[in-house]
Structures are given as structure tokens and as C-alpha cells.
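Step one of this worksheet: look at the structure below.
Laboratory data are not the source of any read-out in this text; all were calculated from the coordinates shown. Since this is a predicted model, take the numbers as computed values, not measurements. Because the Cβ atoms are built from the backbone with ideal geometry, glycine has one as well, and the counts that use them run over all protein chains shown.
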Amino acid sequence: MNECIFCKIASGEIPTNYVYSDENVVAFNDLNPQAPVHVLVIPRQHYASSAAVDDPSVWSSLLDSAVKVARSLGLEEKGYRMVINTGEQGGQSVPHLHLHLLAGRNLGWPPG
Ligand code: DGP
């Protein structure tokens with residue numbers, strides 16, 4: 001966990017411009033954006049993935065924060081997508097729970 005890149009972003013060890021932050025969550029722009037808006041929302045506490053979450057309040061703070069970010073960026077009218085990749089087949093590459101908030105173009109469905 002000491003080597004977790006998202007823990008370092010959440011703690012401030014890696015300086016990052018937060019789009020949003022509170023006591024439970026930080027949000028910041030994805031390094032490799034897949035849409036004009038691509039924000040990652042993460043809990044400050046380390047969970048390796050969605051499968052590791054054992055406290056329902058993690059979901060309320062994560063989702064509530066993501067909606068706040070969407071509102072603050074004015075995304076409600078045209079819409080947005082929230083994605084949580086989990087595990088190998090889910091396409092997760094960083095083992096710290098994170099929610100992708102994507103917007104700014106028509107997003108295809110189904111995902112690849
Ligand atoms: P996933 O594939 O769902 O685990 O998404 C991980 C995302 O994290 C991917 O879109 C790239 C992004 N990412 C990885 N390392 C960093 C980083 O150091 N800073 C930022 N801002 N984003 C990162």
C-alpha cells in the first residue's frame with residue numbers, strides 16, 4: 001500500500017490539482033484521458049478494488065462526490081458516464097478503487 005500511486009495522490013505526497021476534495025474523497029484529471037472530461041474519483045482510504053469494499057459508506061461518499069463533480073463541471077444537461085473497472089477482466093490497471101467520470105463526447109455502448 002505504501003507504493004500505491006493513488007494513495008500518494010490522495011495524501012498529497014504526489015502534488016496533484018484536485019478537481020474536488022473532501023475528508024473522504026479526492027478527484028483529479030486522468031493522466032490518459034479517454035474523453036474531453038475524464039476525472040478519477042477515489043476514496044482517500046485504500047481499497048484494492050470495488051470487490052474489497054466492506055463499508056457501504058464508501059459508496060455513498062464516492063458516488064455523491066462524483067455527482068458533485070459532474071454538477072460543478074456543468075455536465076448534467078448533455079450527460080456523462082461513471083465507470084468502475086474491477087479486476088483483470090474488468091480492465092482495472094491501478095489497484096486502488098477509482099471511479100471514472102467521462103463526458104464531453106458521445107460515449108459508445110457496449111464498451112470494448
Ligand atoms: P483503470 O484502468 O480503471 O485502473 O484506470 C486507471 C486510470 O488511472 C487510467 O485511466 C490512467 C490513470 N492513471 C494511472 N496513473 C495515474 C497517475 O499517476 N495520475 C493520474 N492522474 N492518472 C493516472
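Where q = 0.15, 0.17, 0.18, 0.28 Å⁻¹, what log10 of I(q)/I(0) comes from the Debye formula for segment 1-75, counting one point per Cα? Evaluating at q = 0.15, 0.17, 0.18, 0.28 Å⁻¹ gives log10 I(q)/I(0) of -0.51, -0.66, -0.74, -1.44.
Mean projection of the Cα convex hull over all viewing directions, computed for segment 31-103: 5.0 nm².
Couplings for segment 37-54, taken from phi via the Karplus curve 6.51 cos²θ - 1.76 cosθ + 1.60 with θ = phi - 60°, read 10, 8, 10, 9, 10, 10, x, 5, 6, 7, 10, 5, 6, 4, 5, 8, 6, 10 Hz in order; Gly and Pro are left as x. Computed from point charges on the beta carbon alone (+1 for Lys and Arg, -1 for Asp and Glu), the dipole magnitude for segment 40-112 about its Cα centre is near 300 Debye.
Each of ALA66, GLY87, ALA35 was scored by the projection of its Cα onto the charge dipole of the chain, and the greatest displacement toward the positive side belongs to ALA35; charges sit on the C-beta of Lys, Arg, Asp and Glu.
In this structure the amide hydrogen of VAL19, modeled in the peptide plane, comes within under 5 Å of the amide hydrogens of ALA27, PHE28, ASN29, none closer than 5 places in sequence on its chain.
For segment 95-112, backbone phi angles converted through the Karplus equation (6.51, -1.76, 1.60; θ = phi - 60°) give residue-by-residue couplings of x, 9, 2, 8, 10, 8, 10, 10, 6, x, 7, 6, 9, x, 8, x, x, x Hz, Gly and Pro being listed as x. For the chain, the longest principal axis of the Cα atoms and the long axis of helix 56-72 meet at an angle of about 40 degrees. Where in segment 58-89 does the amide nitrogen come within less than 15 Å of the point 7 Å from the Cα of ASN106, taken along Cα to Cβ? The answer is 78-80, whose backbone nitrogens lie closer than 15 Å to the label point.
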